[in-house]
Structure formats: C-alpha cells, structure tokens
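Structure record follows, encoded as structure tokens.
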Amino acid sequence: MKIKKCVFPVAGLGTRFLPVTKELAKEMLPLVNRPIISYGVEEALASGCEEIIMVTGRAKRSIENYFDRSFELEEMLKARGKTALYEEMLKIANMAEILFVRQRQPLGLGHAVLCAEPICNNEFFAVALPDDVFINDDPVIAQLIRVHEKMGGSVIALEVVEPENISRYGIVKSQFEVEPGVHKIIDMIEKPHKEEAPSNLAIMGRYVLSPRIFELLHNQTAGTGGEIQLTDALKTLCNLEPVWGVVYNGRRFDCGTQKGWLSANVQLALEDPELRNVILDVVNAAQAQTE
Ligand code: UTP
C-alpha cells in the first residue's frame, strides 16, 4: 500500500533554543524566509504523502495557526492590492490536509510517535523530524519510500558521521549492504560513546515505519535521558521485521541547535541571489574591521 501519512513530532520543549523557545515553537523559527516546519511539510508532500499528522504540545499553537486560514490578514492584503502575498497566504493554508494530535507530556520522541497511533491505523507511515532540513531535488522521504516499496519493511535515513559526532545520534549496526547505500539493520544504540558505537552510520530524522512499532512503543520503558526513545523500539523491531537503512542523497541542515540553525540560514542566504550580498557585505565589513 502507498505511504500516505507523514507524522511530524513537534511537541519537544526545544531546550537548546531557550530562552527563545520559552514562548516560540522552535519549528516556527525562520530558515531564510519560511519557518523550519514548512520545509519538512513540503518534502513530505513532494514525496507523495497526502496526510500530515502533527504531534504537538501546549506551546505549539503557532504551528496550527501557520497552516490555517487567516481571514483578517487575507482580507487586509486583498483590500490593499497585495495580491501576490494574498495568494501566498492562501497557498500555505491549502497546502495539505493537516491533522493535529496532542502529546500531553513531552515523554520522548518514541512516545510522540505513539500519540499518532489512532490516526495511522494499521498502515506503514512516514515520520519526519523537522529539525533536520533536507534540501534535494529528489526528496529524502521519497528515497525511503522507494526502498520500502522495493524491499518491504521499515526504512531509516542514515548519514556517515565523523567519530567526534557519533555520541550525538542513534547509531546502527549493519548486517550487510544489499545495494550501494542500502543496509540491512540488525541493531542500534542511542547516543553511544564513540568507542562502543557499532558503526559510523547515524540515524537522521526521516523514517518509514511499520505499524508494529506502536505495539513495541506501548511496552517501551524510558531510555537515554529518561525519555521513551524511538531508537529503542526500532532496535526491537529489527529483530522481528526487516529494517533497512538508506544513506540518503542530498544536503542536511541541522536546525535543532542554535549554531546549526544560524549556519543553515547563512548558507541558504548565500545561495539566494537577493540575499547573497547582504551576507557578504556583513562578512567583508567585519573582516575589514579586524585588519
Ligand atoms: P529533540 O531531541 O530535538 O528534542 O526531539 P526537542 O525538545 O525538540 O529539543 P531539545 O533537545 O530540548 O533542544 C526530536 C524531535 O522529537 C520531538 C521534537 O519536537 C523534535 O521534533 N519530540 C521530542 C516530541 O514531539 N516529543 C517529545 O517528548 C520529545
């Protein structure tokens, strides 16, 4: 069956962005001219997903509002003849069918995914963590869906990481490479020390998951950081059903940390013909001052 649903867990507290995230949803921070979350949603839609499921928390109302109609604003833009902006606002509100489900307490990523169970029925579904922004003509979710369609089972996006970064990610153990860049996963561990890591293949924020994951998440106890970890349930899943790992093609911008987010903004602004000179002028002026 075609993958139609994509779950976005967005109920985390965003502590690495405090104090900004005391009131503002991290997913609504701008990446050049759009909120971070919109990149992930567009990727899911471009990958053929038709239903977006957001798992939200208390401080995330602005995400719901962003994807909703704003009649007052639309009327004002229309009345002032700002047609292009008016149409852009309509386009955002009509972009996708979005369902919202609450995670009442931020008990971890695994728990957030479990909150989507009533909507996901008994189908395979995609999961996208919006902090990881992927920019590629061939969307990363689509790359995973193709592997699922060919091989069956669940699929995880992987990236080869430097040893010093291993302890930041879930790391997988590959049994073999079935084709270049596609691994059969037989084990995984969340945020290991680099000495105990089974490989340098790190799990990135895109998945195609079997509905069996819900049964495992129900029984999952808290792991690293006292949170119910998706990686722990996936570790059990790969003993029961095939789990594939795909070294994705494309560029990833880690917008989950202040440094990563700032760097992503600068890199993407440098690629925008209208903004490139803004960045270069600032950098040149700063360099001139130090000389
Ligand atoms: P992170 O580990 O990045 O946590 O979650 P966070 O709360 O967003 O940010 P920090 O670490 O405190 O700075 C990965 C993804 O899982 C979601 C987050 O919203 C993010 O998209 N998540 C995490 C939930 O939806 N619920 C949770 O209980 C935890």
Within region 170-180, tally of residues that are in contact (Cβ under 8 Å) with a residue 24 or more places away in the chain and either out of contact with any Lys or Arg (no Cβ under 7 Å at 6 or more places or on another chain) or crowded, with 21+ Cβ neighbours inside 10 Å (or both): 4
Of these, Asp131, Asp137, which one is within 18 Å of the chain's Cα centre (by Cα), more than 16 Å from the ligand (Cβ to nearest atom) and not aliphatic (A, V, I, L, M)? Asp137
Kindly establish whether Val20 is surrounded by fewer than 21 Cβ atoms within 10 Å (Cβ to Cβ), within 14 Å of the ligand (Cβ to nearest atom) and either acidic (Asp, Glu) or at negative phi (or both). yes
Within the group Ala128, Ala202, Ala142, Ala157, which residue is in contact with a Cys (Cβ under 7 Å, 6 or more places away or on another chain) and either among the polar types (S, T, N, Q) or within 30 Å of Glu271 (Cα to Cα) (or both)? Ala128
In this structure, is Gly40 buried (at least 16 other Cβ atoms within 10 Å of the Cβ), of a type outside the set (S, T, N, Q), within 16 Å of the ligand (Cβ to nearest atom) and assigned to a helix (DSSP H, G or I)? yes
Quick count over region 1-17, residues being crowded, with 18+ Cβ neighbours inside 10 Å and over 18 Å from Arg58 (Cβ atoms), is 4
Members of region 1-14 found to be touching a helix residue (DSSP H, G or I) at 6+ places or on another chain (Cβ under 7 Å) and free of Cβ contacts under 8 Å to residues at least 60 places away in the same chain, listed by number: Gly14
Being in a strand (DSSP E or B), under 14 Å from the mean Cα position of the chain (by Cα) and surrounded by 16 or more Cβ atoms within 10 Å (Cβ to Cβ) narrows it down to one residue among Ala142, Ala157, Ala112; which is it? Ala157
Answer yes or no: is there a residue in region 217-233 that is surrounded by 17 or more Cβ atoms within 10 Å (Cβ to Cβ) and on the phi > 0 side of the Ramachandran plot. no
Condition first: of a type in the set (Asp, Glu) and crowded, with 16+ Cβ neighbours inside 10 Å. Now tell me which residues in region 43-63 satisfy that. Glu43, Glu51
Which residue pairs have Cβ atoms under 6 Å apart, sit 6 or more places apart or on different chains, and have a first residue in region 67-90 that is farther than 20 Å from Pro35 by Cβ and a second that is surrounded by 13 or more Cβ atoms within 10 Å (Cβ to Cβ)? Lys78/Tyr86
Within region 50-57, can one find any residue that is at pLDDT 95 or above, part of a helix (DSSP H, G or I), within 14 Å of the ligand (Cβ to nearest atom) and of a type outside the set (S, T, N, Q)? no
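The values are calculated or read from the model by the stated rules, or taken from the named source; none is laboratory data. The shown structure was predicted, so the numbers you read here are calculated from the model rather than taken from an experiment. Methodologically, a virtual Cβ is constructed for each residue, glycine included, from the backbone with ideal geometry; neighbour enumeration extends over all protein chains shown.
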